[in-house]
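Okay, structure first, notes after.
The values are calculated or read from the model by the stated rules, or taken from the named source; none is laboratory data. Being a predicted model, the structure only gives us computed values, none of them experimental. Here Cβ is always computed from backbone atoms with ideal geometry, including for glycine, and neighbour counts include all displayed protein chains. Protein only, heavy atoms only, side chains kept; ligands, DNA and RNA dropped before computing areas. Shrake-Rupley method; radii C 1.70, N 1.55, O 1.52, S 1.80 Å.
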Amino acid sequence: MEKLTLRDLPIKGKRVLMRVDFNVPLDANGQISDDSRIAASLPSIKYVLDRGGSLVLMSHLGRPDGKPNRKYSLAPCAKRLSEKLNRPVILAHDCIGQETEKKAQNLKPGEILLLENLRFHEGEEHTEKDPDFVSQLAKLGDLYVNDAFGTAHRAHASTSFIAQFFPHRAAAGFLMEREILALGSLLQNPKRPFYAVIGGSKVSTKAGVIKNLIPRIDGLFIGGGMAYTFLKAKSFSIGKSLYDEAEGSAANEIIEAAKKKGIPCHLPLDLIVASDFRNDAESRIVSIEEGVPEGWQGMGIGPKTTDIWSTELQKASTIFWNGPLSVFEMPSFAKGTFAIAEALARSKATVVVGGGDSVAAIQMMGLGGKFAHLSTGGGASLEFLEFGHLPGIDALSDKK
Ligand code: AMP
(Lines give C-alpha, C1' and ligand atoms only; values in the text may rest on other atoms or scores of the structure.)
Protein backbone atom coordinates (compact mmCIF):
# COMPACT_ATOMS: atom_id res chain seq x y z
CA MET A 1 0.00 0.00 0.00
CA GLU A 2 1.31 3.42 -0.97
CA LYS A 3 -1.19 5.13 1.32
CA LEU A 4 -1.19 5.36 5.11
CA THR A 5 -3.44 2.85 6.82
CA LEU A 6 -5.01 2.82 10.25
CA ARG A 7 -2.00 0.81 11.48
CA ASP A 8 0.31 3.76 10.73
CA LEU A 9 -1.55 6.25 12.95
CA PRO A 10 -0.67 7.14 16.59
CA ILE A 11 -4.14 6.49 17.98
CA LYS A 12 -3.72 6.53 21.76
CA GLY A 13 -5.52 9.48 23.32
CA LYS A 14 -6.56 10.87 19.94
CA ARG A 15 -9.97 11.57 18.39
CA VAL A 16 -10.27 9.66 15.13
CA LEU A 17 -12.67 11.20 12.61
CA MET A 18 -13.72 8.21 10.53
CA ARG A 19 -15.81 8.23 7.34
CA VAL A 20 -17.82 5.02 7.32
CA ASP A 21 -20.46 3.71 4.93
CA PHE A 22 -23.65 3.31 6.97
CA ASN A 23 -25.81 3.83 3.89
CA VAL A 24 -27.90 0.79 4.85
CA PRO A 25 -31.17 -0.28 3.23
CA LEU A 26 -34.25 0.63 5.31
CA ASP A 27 -37.64 -1.12 5.12
CA ALA A 28 -41.04 0.62 4.94
CA ASN A 29 -40.99 1.10 8.74
CA GLY A 30 -37.58 2.74 8.71
CA GLN A 31 -35.89 -0.36 10.15
CA ILE A 32 -32.51 -1.54 8.89
CA SER A 33 -33.15 -4.51 6.57
CA ASP A 34 -29.48 -5.44 6.07
CA ASP A 35 -26.73 -4.27 8.44
CA SER A 36 -23.76 -5.80 6.62
CA ARG A 37 -22.29 -2.34 5.94
CA ILE A 38 -22.24 -1.60 9.67
CA ALA A 39 -20.72 -5.03 10.33
CA ALA A 40 -18.05 -4.38 7.68
CA SER A 41 -16.83 -1.27 9.52
CA LEU A 42 -16.41 -3.01 12.89
CA PRO A 43 -12.74 -4.08 12.49
CA SER A 44 -11.59 -0.47 12.03
CA ILE A 45 -13.87 0.81 14.80
CA LYS A 46 -12.74 -1.84 17.30
CA TYR A 47 -9.08 -1.26 16.42
CA VAL A 48 -9.34 2.43 17.37
CA LEU A 49 -11.23 1.70 20.58
CA ASP A 50 -8.81 -1.05 21.61
CA ARG A 51 -5.87 1.32 21.18
CA GLY A 52 -7.21 4.02 23.47
CA GLY A 53 -8.64 6.37 20.85
CA SER A 54 -12.10 7.89 20.69
CA LEU A 55 -14.22 7.89 17.54
CA VAL A 56 -16.21 10.47 15.64
CA LEU A 57 -18.02 8.50 12.94
CA MET A 58 -19.60 10.15 9.90
CA SER A 59 -21.70 8.77 7.05
CA HIS A 60 -24.45 9.58 4.61
CA LEU A 61 -27.71 7.67 4.29
CA GLY A 62 -29.93 7.87 1.22
CA ARG A 63 -30.42 11.03 -0.79
CA PRO A 64 -31.80 13.81 1.41
CA ASP A 65 -30.42 16.34 -1.13
CA GLY A 66 -28.78 18.79 1.24
CA LYS A 67 -31.70 19.23 3.63
CA PRO A 68 -32.47 17.62 7.02
CA ASN A 69 -35.03 14.84 6.64
CA ARG A 70 -35.91 12.56 9.56
CA LYS A 71 -36.54 9.69 7.17
CA TYR A 72 -32.79 9.56 6.57
CA SER A 73 -31.63 9.99 10.17
CA LEU A 74 -28.70 7.84 11.25
CA ALA A 75 -30.46 7.12 14.58
CA PRO A 76 -31.20 3.46 13.62
CA CYS A 77 -27.50 3.01 12.76
CA ALA A 78 -26.40 4.44 16.14
CA LYS A 79 -28.68 1.92 17.85
CA ARG A 80 -27.52 -1.03 15.74
CA LEU A 81 -23.84 -0.14 16.18
CA SER A 82 -24.31 0.17 19.91
CA GLU A 83 -25.88 -3.33 20.00
CA LYS A 84 -23.04 -4.78 17.95
CA LEU A 85 -20.32 -3.23 20.11
CA ASN A 86 -22.19 -3.62 23.35
CA ARG A 87 -21.33 -0.08 24.38
CA PRO A 88 -23.06 3.31 24.06
CA VAL A 89 -22.97 5.28 20.82
CA ILE A 90 -23.79 8.97 21.17
CA LEU A 91 -25.74 10.44 18.23
CA ALA A 92 -25.05 14.11 17.42
CA HIS A 93 -28.16 15.90 16.14
CA ASP A 94 -26.15 17.55 13.40
CA CYS A 95 -22.82 16.73 11.78
CA ILE A 96 -21.39 20.23 12.34
CA GLY A 97 -22.00 23.19 14.67
CA GLN A 98 -21.12 24.21 18.23
CA GLU A 99 -23.11 21.53 19.99
CA THR A 100 -21.51 18.80 17.88
CA GLU A 101 -18.02 20.27 18.42
CA LYS A 102 -18.59 20.24 22.16
CA LYS A 103 -19.70 16.61 22.05
CA ALA A 104 -16.60 15.70 20.04
CA GLN A 105 -14.26 17.60 22.39
CA ASN A 106 -15.73 15.89 25.44
CA LEU A 107 -15.12 12.38 24.11
CA LYS A 108 -12.93 10.20 26.33
CA PRO A 109 -10.85 7.27 25.05
CA GLY A 110 -13.16 4.40 24.12
CA GLU A 111 -16.18 6.64 23.47
CA ILE A 112 -18.04 6.91 20.17
CA LEU A 113 -19.92 9.80 18.64
CA LEU A 114 -21.91 9.22 15.43
CA LEU A 115 -22.66 12.40 13.48
CA GLU A 116 -26.08 12.89 11.92
CA ASN A 117 -26.37 12.36 8.13
CA LEU A 118 -23.70 14.35 6.25
CA ARG A 119 -26.04 14.86 3.30
CA PHE A 120 -28.38 17.00 5.43
CA HIS A 121 -25.93 19.73 4.33
CA GLU A 122 -25.44 20.82 0.75
CA GLY A 123 -21.70 21.24 1.39
CA GLU A 124 -21.18 17.46 1.58
CA GLU A 125 -21.88 16.73 -2.07
CA HIS A 126 -21.37 20.26 -3.44
CA THR A 127 -18.38 21.66 -1.58
CA GLU A 128 -18.34 24.79 -3.77
CA LYS A 129 -21.77 25.82 -2.48
CA ASP A 130 -20.68 25.75 1.18
CA PRO A 131 -16.88 25.83 1.48
CA ASP A 132 -17.03 26.18 5.30
CA PHE A 133 -18.75 22.84 5.71
CA VAL A 134 -15.62 20.77 5.22
CA SER A 135 -13.48 22.89 7.57
CA GLN A 136 -16.16 22.60 10.25
CA LEU A 137 -16.18 18.83 9.88
CA ALA A 138 -12.38 18.71 10.03
CA LYS A 139 -12.42 20.38 13.48
CA LEU A 140 -14.02 17.27 14.95
CA GLY A 141 -10.96 14.99 14.86
CA ASP A 142 -7.19 14.83 15.36
CA LEU A 143 -6.75 12.06 12.77
CA TYR A 144 -8.79 11.20 9.66
CA VAL A 145 -9.62 7.71 8.45
CA ASN A 146 -11.67 6.79 5.39
CA ASP A 147 -13.25 3.33 5.55
CA ALA A 148 -16.13 4.07 3.15
CA PHE A 149 -14.98 2.38 -0.04
CA GLY A 150 -18.54 2.44 -1.45
CA THR A 151 -18.38 6.26 -1.79
CA ALA A 152 -14.66 6.58 -2.60
CA HIS A 153 -15.51 7.32 -6.25
CA ARG A 154 -17.24 10.52 -5.16
CA ALA A 155 -15.18 13.66 -4.52
CA HIS A 156 -17.29 14.85 -1.59
CA ALA A 157 -16.37 16.88 1.51
CA SER A 158 -16.10 13.90 3.87
CA THR A 159 -14.52 11.48 1.38
CA SER A 160 -11.96 13.66 -0.34
CA PHE A 161 -11.69 17.42 0.45
CA ILE A 162 -11.40 16.85 4.19
CA ALA A 163 -8.10 14.98 3.88
CA GLN A 164 -6.16 18.21 3.19
CA PHE A 165 -6.84 19.26 6.81
CA PHE A 166 -4.93 16.18 8.01
CA PRO A 167 -1.49 16.28 6.41
CA HIS A 168 0.37 12.99 7.08
CA ARG A 169 -2.62 11.94 9.22
CA ALA A 170 -5.22 10.83 6.62
CA ALA A 171 -5.34 7.04 6.41
CA ALA A 172 -7.29 4.16 4.88
CA GLY A 173 -9.36 2.02 7.23
CA PHE A 174 -9.12 -1.77 7.03
CA LEU A 175 -12.11 -2.19 4.72
CA MET A 176 -10.74 0.43 2.34
CA GLU A 177 -7.30 -1.18 2.50
CA ARG A 178 -8.72 -4.62 1.64
CA GLU A 179 -10.60 -3.20 -1.35
CA ILE A 180 -7.52 -1.38 -2.67
CA LEU A 181 -5.36 -4.49 -2.35
CA ALA A 182 -7.90 -6.92 -3.87
CA LEU A 183 -8.95 -4.71 -6.79
CA GLY A 184 -5.42 -3.37 -7.26
CA SER A 185 -4.11 -6.93 -7.64
CA LEU A 186 -6.34 -7.33 -10.72
CA LEU A 187 -4.65 -4.38 -12.38
CA GLN A 188 -1.10 -5.25 -11.33
CA ASN A 189 0.20 -8.70 -12.15
CA PRO A 190 -2.92 -10.84 -11.90
CA LYS A 191 -2.18 -14.56 -12.08
CA ARG A 192 -2.92 -15.74 -15.63
CA PRO A 193 -5.13 -16.84 -17.23
CA PHE A 194 -7.29 -13.94 -16.08
CA TYR A 195 -10.94 -13.88 -17.20
CA ALA A 196 -13.56 -11.17 -16.79
CA VAL A 197 -17.26 -12.04 -16.58
CA ILE A 198 -19.45 -8.99 -17.10
CA GLY A 199 -23.24 -8.89 -16.94
CA GLY A 200 -25.93 -6.55 -15.64
CA SER A 201 -28.06 -4.19 -17.60
CA LYS A 202 -26.09 -1.06 -18.44
CA VAL A 203 -23.43 -1.15 -21.16
CA SER A 204 -22.66 2.53 -20.48
CA THR A 205 -21.41 1.87 -16.92
CA LYS A 206 -19.29 -1.15 -17.92
CA ALA A 207 -17.82 -0.34 -21.34
CA GLY A 208 -14.97 1.73 -19.81
CA VAL A 209 -14.01 -1.04 -17.38
CA ILE A 210 -14.05 -3.67 -20.11
CA LYS A 211 -11.84 -1.52 -22.33
CA ASN A 212 -9.35 -0.98 -19.50
CA LEU A 213 -9.34 -4.70 -18.67
CA ILE A 214 -8.84 -6.03 -22.21
CA PRO A 215 -5.04 -5.46 -22.22
CA ARG A 216 -4.83 -7.38 -18.93
CA ILE A 217 -7.21 -10.32 -19.48
CA ASP A 218 -7.09 -13.60 -21.39
CA GLY A 219 -10.82 -14.00 -21.99
CA LEU A 220 -14.04 -12.02 -21.74
CA PHE A 221 -17.56 -13.32 -21.03
CA ILE A 222 -20.46 -10.94 -21.65
CA GLY A 223 -23.95 -11.90 -20.45
CA GLY A 224 -27.00 -10.37 -18.77
CA GLY A 225 -29.01 -7.50 -20.17
CA MET A 226 -25.99 -5.85 -21.77
CA ALA A 227 -25.29 -8.87 -24.00
CA TYR A 228 -28.10 -7.94 -26.40
CA THR A 229 -26.34 -4.75 -27.51
CA PHE A 230 -23.35 -6.97 -28.40
CA LEU A 231 -25.53 -9.64 -30.07
CA LYS A 232 -27.25 -6.99 -32.16
CA ALA A 233 -23.83 -5.60 -33.15
CA LYS A 234 -23.20 -9.09 -34.54
CA SER A 235 -26.54 -8.98 -36.39
CA PHE A 236 -28.47 -11.50 -34.26
CA SER A 237 -32.21 -10.86 -33.73
CA ILE A 238 -32.89 -9.63 -30.20
CA GLY A 239 -36.66 -8.93 -30.31
CA LYS A 240 -37.51 -6.39 -27.63
CA SER A 241 -34.62 -7.32 -25.32
CA LEU A 242 -32.68 -4.55 -23.58
CA TYR A 243 -30.78 -2.59 -26.21
CA ASP A 244 -28.63 0.49 -25.82
CA GLU A 245 -28.38 2.13 -29.21
CA ALA A 246 -25.95 4.80 -27.99
CA GLU A 247 -23.53 2.08 -26.88
CA GLY A 248 -23.66 0.08 -30.14
CA SER A 249 -20.30 1.47 -31.22
CA ALA A 250 -18.76 0.75 -27.79
CA ALA A 251 -19.88 -2.88 -28.19
CA ASN A 252 -18.24 -3.03 -31.61
CA GLU A 253 -15.02 -1.47 -30.26
CA ILE A 254 -14.87 -4.07 -27.48
CA ILE A 255 -15.44 -6.97 -29.89
CA GLU A 256 -12.71 -5.53 -32.17
CA ALA A 257 -10.27 -4.88 -29.30
CA ALA A 258 -10.63 -8.48 -28.09
CA LYS A 259 -10.12 -9.77 -31.63
CA LYS A 260 -7.03 -7.57 -32.09
CA LYS A 261 -5.53 -8.86 -28.85
CA GLY A 262 -6.41 -12.42 -29.86
CA ILE A 263 -8.54 -13.23 -26.80
CA PRO A 264 -12.02 -14.77 -26.90
CA CYS A 265 -15.01 -12.47 -26.35
CA HIS A 266 -17.67 -15.01 -25.33
CA LEU A 267 -21.24 -13.95 -26.00
CA PRO A 268 -24.24 -16.14 -25.07
CA LEU A 269 -24.80 -19.13 -27.40
CA ASP A 270 -28.37 -19.59 -26.25
CA LEU A 271 -30.87 -17.59 -24.24
CA ILE A 272 -33.88 -17.97 -22.04
CA VAL A 273 -36.50 -15.69 -23.57
CA ALA A 274 -39.90 -14.59 -22.28
CA SER A 275 -43.09 -13.17 -23.76
CA ASP A 276 -43.05 -10.44 -21.12
CA PHE A 277 -40.82 -9.06 -18.34
CA ARG A 278 -42.61 -11.07 -15.65
CA ASN A 279 -41.70 -14.12 -13.59
CA ASP A 280 -44.82 -15.99 -14.78
CA ALA A 281 -44.51 -14.99 -18.45
CA GLU A 282 -44.33 -17.70 -21.10
CA SER A 283 -40.68 -18.66 -21.62
CA ARG A 284 -38.45 -20.89 -23.72
CA ILE A 285 -34.86 -21.50 -24.73
CA VAL A 286 -33.58 -20.28 -28.11
CA SER A 287 -30.20 -20.45 -29.81
CA ILE A 288 -28.78 -17.09 -30.85
CA GLU A 289 -28.94 -18.18 -34.51
CA GLU A 290 -32.68 -18.69 -34.06
CA GLY A 291 -32.77 -15.33 -32.19
CA VAL A 292 -35.27 -13.76 -29.81
CA PRO A 293 -38.78 -13.99 -31.34
CA GLU A 294 -40.45 -10.73 -32.38
CA GLY A 295 -42.10 -9.10 -29.33
CA TRP A 296 -40.26 -11.38 -26.86
CA GLN A 297 -37.23 -10.52 -24.74
CA GLY A 298 -34.06 -12.17 -23.50
CA MET A 299 -34.04 -12.81 -19.75
CA GLY A 300 -30.64 -14.46 -19.42
CA ILE A 301 -28.07 -16.91 -20.68
CA GLY A 302 -29.35 -20.36 -21.67
CA PRO A 303 -28.31 -23.84 -20.44
CA LYS A 304 -25.79 -24.52 -23.21
CA THR A 305 -24.02 -21.22 -22.48
CA THR A 306 -24.08 -21.94 -18.76
CA ASP A 307 -22.48 -25.37 -19.27
CA ILE A 308 -19.77 -24.19 -21.64
CA TRP A 309 -18.90 -21.09 -19.60
CA SER A 310 -18.86 -23.04 -16.32
CA THR A 311 -16.30 -25.47 -17.80
CA GLU A 312 -14.26 -22.74 -19.49
CA LEU A 313 -14.04 -20.69 -16.29
CA GLN A 314 -12.34 -23.58 -14.46
CA LYS A 315 -9.21 -22.89 -16.58
CA ALA A 316 -8.69 -19.45 -15.02
CA SER A 317 -6.30 -18.49 -12.23
CA THR A 318 -7.92 -15.08 -11.70
CA ILE A 319 -11.51 -14.04 -12.38
CA PHE A 320 -13.33 -10.73 -12.02
CA TRP A 321 -17.12 -10.92 -12.03
CA ASN A 322 -19.53 -8.00 -12.15
CA GLY A 323 -23.21 -8.06 -13.02
CA PRO A 324 -25.87 -10.80 -13.05
CA LEU A 325 -26.12 -12.94 -16.19
CA SER A 326 -29.89 -13.17 -16.04
CA VAL A 327 -32.82 -11.46 -14.32
CA PHE A 328 -31.95 -13.30 -11.11
CA GLU A 329 -34.54 -11.45 -9.03
CA MET A 330 -37.23 -13.51 -10.81
CA PRO A 331 -36.99 -17.18 -9.78
CA SER A 332 -37.93 -18.40 -13.28
CA PHE A 333 -34.87 -16.68 -14.73
CA ALA A 334 -32.35 -16.90 -11.87
CA LYS A 335 -30.71 -20.09 -13.11
CA GLY A 336 -28.09 -18.56 -15.43
CA THR A 337 -26.76 -16.21 -12.73
CA PHE A 338 -26.85 -18.84 -9.98
CA ALA A 339 -25.15 -21.51 -12.12
CA ILE A 340 -22.25 -19.19 -12.97
CA ALA A 341 -21.98 -18.10 -9.31
CA GLU A 342 -21.71 -21.79 -8.40
CA ALA A 343 -19.07 -22.39 -11.07
CA LEU A 344 -17.05 -19.45 -9.75
CA ALA A 345 -17.40 -20.68 -6.17
CA ARG A 346 -16.09 -24.09 -7.30
CA SER A 347 -13.16 -22.65 -9.24
CA LYS A 348 -9.62 -22.69 -7.85
CA ALA A 349 -9.03 -19.21 -9.23
CA THR A 350 -8.80 -16.05 -7.15
CA VAL A 351 -12.28 -14.68 -7.77
CA VAL A 352 -13.00 -11.02 -7.10
CA VAL A 353 -16.63 -9.92 -7.30
CA GLY A 354 -17.39 -6.29 -8.05
CA GLY A 355 -20.22 -5.50 -5.67
CA GLY A 356 -23.93 -4.81 -6.10
CA ASP A 357 -26.20 -7.44 -7.61
CA SER A 358 -23.54 -10.12 -8.15
CA VAL A 359 -22.70 -10.04 -4.43
CA ALA A 360 -26.45 -10.13 -3.64
CA ALA A 361 -26.83 -13.26 -5.82
CA ILE A 362 -23.86 -14.93 -4.06
CA GLN A 363 -25.30 -14.10 -0.63
CA MET A 364 -28.74 -15.43 -1.67
CA MET A 365 -27.01 -18.75 -2.40
CA GLY A 366 -24.99 -18.72 0.83
CA LEU A 367 -21.72 -18.90 -1.13
CA GLY A 368 -20.08 -15.77 0.30
CA GLY A 369 -17.25 -17.64 2.02
CA LYS A 370 -16.05 -19.23 -1.23
CA PHE A 371 -14.76 -16.04 -2.84
CA ALA A 372 -11.41 -14.28 -2.44
CA HIS A 373 -13.05 -10.87 -2.29
CA LEU A 374 -16.60 -9.52 -2.47
CA SER A 375 -16.36 -5.79 -3.02
CA THR A 376 -18.57 -3.58 -0.85
CA GLY A 377 -18.87 -0.93 -3.56
CA GLY A 378 -20.38 -1.63 -6.98
CA GLY A 379 -19.83 1.76 -8.60
CA ALA A 380 -16.56 2.38 -6.75
CA SER A 381 -15.06 -0.99 -7.74
CA LEU A 382 -15.95 -0.45 -11.41
CA GLU A 383 -14.46 3.05 -11.44
CA PHE A 384 -11.34 1.82 -9.65
CA LEU A 385 -10.83 -0.85 -12.33
CA GLU A 386 -11.55 1.65 -15.10
CA PHE A 387 -9.28 4.48 -13.94
CA GLY A 388 -6.86 2.75 -11.53
CA HIS A 389 -7.56 5.28 -8.79
CA LEU A 390 -10.44 7.05 -7.02
CA PRO A 391 -10.77 10.53 -5.44
CA GLY A 392 -11.31 9.06 -1.97
CA ILE A 393 -8.08 7.07 -2.20
CA ASP A 394 -5.98 9.76 -3.91
CA ALA A 395 -6.79 12.20 -1.07
CA LEU A 396 -5.23 9.98 1.62
CA SER A 397 -1.66 10.64 2.87
CA ASP A 398 1.18 8.85 1.12
CA LYS A 399 3.15 6.41 3.23
CA LYS A 400 6.43 8.23 2.65
P1 AMP B 1 -26.36 -3.52 -13.39
O2 AMP B 1 -26.78 -2.56 -12.33
O3 AMP B 1 -26.03 -2.86 -14.69
O4 AMP B 1 -25.29 -4.48 -12.93
O5 AMP B 1 -27.66 -4.39 -13.73
C6 AMP B 1 -28.23 -5.30 -12.82
C7 AMP B 1 -29.58 -5.71 -13.31
O8 AMP B 1 -29.46 -6.33 -14.57
C9 AMP B 1 -30.30 -6.72 -12.43
O10 AMP B 1 -31.38 -6.11 -11.82
C11 AMP B 1 -30.73 -7.81 -13.40
O12 AMP B 1 -32.06 -8.23 -13.22
C13 AMP B 1 -30.60 -7.12 -14.73
N14 AMP B 1 -30.48 -8.06 -15.84
C15 AMP B 1 -29.68 -9.12 -15.96
N16 AMP B 1 -29.93 -9.79 -17.10
C17 AMP B 1 -30.93 -9.12 -17.74
C18 AMP B 1 -31.65 -9.32 -18.95
N19 AMP B 1 -31.39 -10.34 -19.74
N20 AMP B 1 -32.61 -8.43 -19.28
C21 AMP B 1 -32.87 -7.40 -18.45
N22 AMP B 1 -32.23 -7.17 -17.29
C23 AMP B 1 -31.28 -8.02 -16.93
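All other residues with a Cβ under 12 Å from the Cβ of LYS206 taken together, and with Lys, Arg as +1 and Asp, Glu as -1, what is their net charge? Local charge sum for LYS206: -2.
Heavy-atom surface analysis with a 1.4 Å probe gives the stretch 190-386 a carbon and sulfur content of 50 percent of its accessible area. Expressed to the nearest 5 percent, the antiparallel share of DSSP beta bridges inside the stretch 6-177 is 5 percent. What the phi angles of the stretch 154-171 give under the Karplus curve with 6.51, -1.76 and 1.60, with θ = phi - 60°, is a coupling list of 9, 8, 9, 3, 7, 9, 9, 4, 5, 4, 5, 7, 10, x, 6, 9, 10, 10 Hz, glycine and proline written as x. Kirkwood radius for the stretch 190-386, taken over all pairs of different Cα atoms as the inverse mean of 1/r, rounds to 16.4 Å.
Given their separation in residues at 0.36 nm each and the Cα-Cα distance between them, ASN212 and GLU329 gain 39.2 nm when the chain is fully extended. Pull out a ≥ b ≥ c, the square roots of the eigenvalues of the alpha-carbon gyration tensor of the stretch 6-177, then state rounded if a/c is under 1.5, prolate if not and a/b is larger than b/c, and oblate in the remaining case. Since a/c stays below 1.5, the shape of the stretch 6-177 is classed as rounded. Taken over the alpha carbons of the stretch 293-400 as equal point scatterers, the Debye sum produces base-10 log I(q)/I(0) values at 0.11 Å⁻¹ of -0.41.
Helical content alone sets the calculated 222 nm signal of the chain at -10000 deg cm²/dmol, taking -39,500 (n - 2.57) per DSSP H segment of four or more residues and averaging over every residue.
Taking 0.36 nm per residue of sequence separation and removing the Cα-Cα distance, the LYS67/HIS389 pair yields an extension gain of 112.9 nm. Using a cut-off of 30 Å between alpha-carbon atoms, which lysines can reach LYS335, once sequence neighbours fewer than 8 places away in the same chain are excluded? Result set, ordered by chain and number: LYS191, LYS202, LYS206, LYS211, LYS232, LYS234, LYS240, LYS259, LYS304, LYS315, LYS348, LYS370. In this structure the amide hydrogen of ASP94, modeled in the peptide plane, comes within under 5 Å of the amide hydrogens of GLU116, none closer than 5 places in sequence on its chain.
Among residues other than GLY219 whose Cβ falls under 11 Å from its Cβ, what is the net charge (Lys/Arg +1, Asp/Glu -1)? It works out to a net charge of +1. Site pair LYS348 and ARG87 shows an inter-label distance of 4.5 nm when each label is modelled 7 Å from Cα along Cα→Cβ. Looking at the chain, the accessible area is 44 square angstrom per residue; that uses a 1.4 Å probe and ignores ligands, DNA and RNA.
Can you list the lysines whose alpha carbon sits under 18 Å from that of LYS46, skipping same-chain ones fewer than 8 residues off? In chain and number order, the partners are LYS12, LYS14, LYS79, LYS84, LYS108. Scaling the Cα radius of gyration of the chain by the globular reference 2.2 N^0.38 Å produces a ratio of 1.07. With respect to the chain, whose longest principal axis is taken over its alpha-carbon atoms, helix 203-213 is tilted by about 90°. Relative to the longest principal axis of the Cα atoms of the chain, the long axis of helix 248-261 makes an angle of roughly 80 degrees.
A crude spin-label estimate for the pair GLN31 and ASP94, with each label 7 Å from Cα along the Cβ direction, gives 3.3 nm. Phi angles across the stretch 90-103 convert, under the Karplus curve 6.51 cos²θ - 1.76 cosθ + 1.60 with θ = phi - 60°, into 3J(HN,Hα) values of 7, 9, 7, 6, 9, 8, 9, x, 4, 4, 5, 4, 4, 4 Hz, Gly and Pro given as x. Computed over the stretch 173-267, the convex hull of the alpha-carbon atoms projects to a mean area of 6.7 nm². Taking the Cα atoms only, what angle lies between the long axis of helix 335-346 and the longest principal axis of the chain, rounded to 10 degrees? Relative to the chain, helix 335-346 is tipped by roughly 70 degrees.
The phi torsions of the stretch 175-191, fed into the Karplus equation with coefficients 6.51, -1.76 and 1.60 and a -60° offset, translate into couplings of 5, 4, 4, 4, 5, 4, 5, 5, 6, x, 5, 6, 8, 10, 6, x, 5 Hz, rounded to whole numbers, with Gly and Pro shown as x.
In plain terms, the chain from ALA75 to LYS240 could stretch by 54.9 nm, reckoned as 0.36 nm per residue minus the Cα-Cα distance.
Does the stretch 80-198 classify as rounded, prolate or oblate by the C-alpha gyration tensor (a ≥ b ≥ c root eigenvalues; a/c under 1.5 gives rounded; else a/b over b/c gives prolate, otherwise oblate)? Taking the square roots of the gyration eigenvalues as a ≥ b ≥ c, the stretch 80-198 is prolate.
Expressed in Å, the radius of gyration and Dmax of the Cα atoms of the stretch 143-190 are 11.8, 36.
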